[in-house]
Amino acid sequence: MKVHEYQAKEIFSQHGIPVEQHVLCHTANEAIKAYQEIVTDKVAIKAQVLTGGRGKAGGIKLANNKESVRQYANEILNMTIKGFPVKQILVSEAVDIAAEYYLSFTIDRNTRSVVLIISASGGIDIEEVAHKTPEKIIRYSIDPFIGLPAYLAHRFAFSFFKQNELVERMSSILQKLYKTFIETDASLAEINPLVLTPQGTLIALDAKMVFDDNALYRHPEIHALFEPTPEERIEVTAKNRGFSYVHMDGNIGCMVNGAGLAMTTMDMIKLHGGSPANFLDIGGSSNPVKVVEAMKLLLNDSKVEVVFINIFGGITRCDDVALGLIQAFDQLQTDIPVIVRLTGTNENIGRGLLREHSHFQVAETMNEATLLAVQSVKGGNV
């Protein structure tokens, strides 16, 4: 789960990591009020969206009077960045920068450990730095039995600074960031940039946190920050109804019982030149109510041109599944072609029941069903 910059900064502040003055705003008038409250000559107006690249997209502006604050606030609030409409902005104290650094903790699945990533070349071009001059990026795997004790934090701080005072400040921020990462069950805690001011102060000028979805039950205060995208709202709705659903960009809607079979179904669609619109595992139930709810999810996607239902009847008998599908589609009003592949216990009875209804095109094999689905969206040409 991702959170906005202002939310990550609030979490950082709670753990003692220094951040600049800032106020969350939703209108240009609120931005002007925030500018006056911060009492500074210059502020940064920053779009709050759950994606990166805001600066390069024009979502961060510097303003030094009320007129420019109003102008930039209105401009940014009318922007869409990488498909995300800007609905709120952060008005922040503009900080004089002497140097920029990059700090983050994340999970390295290769070493199965937390990894510290640091660089003396922080800022908006950190990806370019990693690509062109990877030697400027330091990575260190954290031993979970040791964590980040003071001696290790000092070791990394000395790679940036020689003055004891700055070393102490940097090592303190490193330890607090690691503690924040561990205590919140995060998968990423990032400061980019961590800035050094001409006065020798270190400030987290930007903040990013991503949390492990599977650990959110332990952190209701973090889960309360969840702001789903339209696709995520559908996925949450599906989860509440007992489905596993993931939205994709194709036009063949998939309804399958079993995650492994669902993955195979999508592979077959791609093999024959089609494009799946979703991953949808409805489980082993033949309950028509569940089928109706699953179909509603699929039909809410305007890109779906055909529905491919792939069912393996193991414990659940195929004739029961067929009756459930028939009852479900008697309630639905749709002209979208529906391809059904039904195999397993009582499969011949189930197929016979489905063939009596015009809703369904019935296939006996997965290959045949996949070809029918792909042909439906390609006008009969595969």
If you check G250 against the conditions, is it in contact with a Ser or Thr (Cβ under 8 Å, 6 or more places away or on another chain), more than 23 Å from D213 (Cβ to Cβ) and at pLDDT below 85? no
Pick from E67, E5, E30: which is among the acidic types (D, E), buried (at least 19 other Cβ atoms within 10 Å of the Cβ) and not assigned by TED's automatic domain parsing to the domain that holds T184? E5
State whether one or more residues within region 22-45 are among the hydroxyl-bearing types (S, T, Y) and free of Cβ contacts under 8 Å to residues at least 40 places away in the same chain. no
From A363, A373, A369, A322, grab the single residue that is modelled with pLDDT of 85 or more, small (G, A, S) and over 30 Å from N240 (Cα atoms). A363
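Go through the residues of region 174-193 one by one and say whether even a single one is at pLDDT below 95 and not small (G, A, S).
Yes: one or more hits.
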Conditions (1) surrounded by fewer than 21 Cβ atoms within 10 Å (Cβ to Cβ); (2) in a loop (DSSP other than H, G, I, E, B); (3) touching a residue at least 60 places away in the same chain (Cβ under 8 Å); number of the one not met by G283: (3)
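Each row is one residue, and each column tells you yes or no for (1) under 17 Å from V19 (Cα atoms); (2) of a type in the set (D, E); (3) touching a Ser or Thr at 6+ places or on another chain (Cβ under 7 Å).
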| residue | (1), (2), (3) |
| --- | --- |
| T133 | no, no, no |
| I137 | no, no, yes |
| I146 | no, no, no |
| H154 | no, no, yes |
| F158 | no, no, no |
| E165 | no, yes, no |
| I173 | yes, no, no |
| I182 | no, no, no |
| Q199 | yes, no, no |
Output for region 105-138, where each listed residue is in contact with a helix residue (DSSP H, G or I) (Cβ under 9 Å, 6 or more places away or on another chain) and at positive phi: G123
For residues that are of a type in the set (S, T, Y) and in contact (Cβ under 8 Å) with a residue 24 or more places away in the chain, scanning just region 46-81, find the one that is farthest from E231 (Cα to Cα). Y72
With the requirement that a residue be over 14 Å from L177 (Cα atoms), aliphatic (A, V, I, L, M) and assigned to a strand (DSSP E or B), what does region 109-142 give you? I137, I138
Any residue in region 125-151 that's assigned by TED's automatic domain parsing to the domain that holds V115: show its pairings with residues that are among the small types (G, A, S) and at pLDDT 95 or above at Cβ separation under 7 Å, as long as the two are six or more apart or on different chains. A150/S171
When region 259-283 is examined, which residues are found to be within 16 Å of V340 (Cβ to Cβ) and of a type in the set (A, V, I, L, M, F, W, C)? L261, A262, M268, I269, L280, I282
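The values are calculated or read from the model by the stated rules, or taken from the named source; none is laboratory data. Just so it is clear, the model here is predicted, and its values are computed rather than measured. Ideal geometry is used to build each Cβ from the backbone, glycine not excepted, and the neighbour counts take in all protein chains shown.
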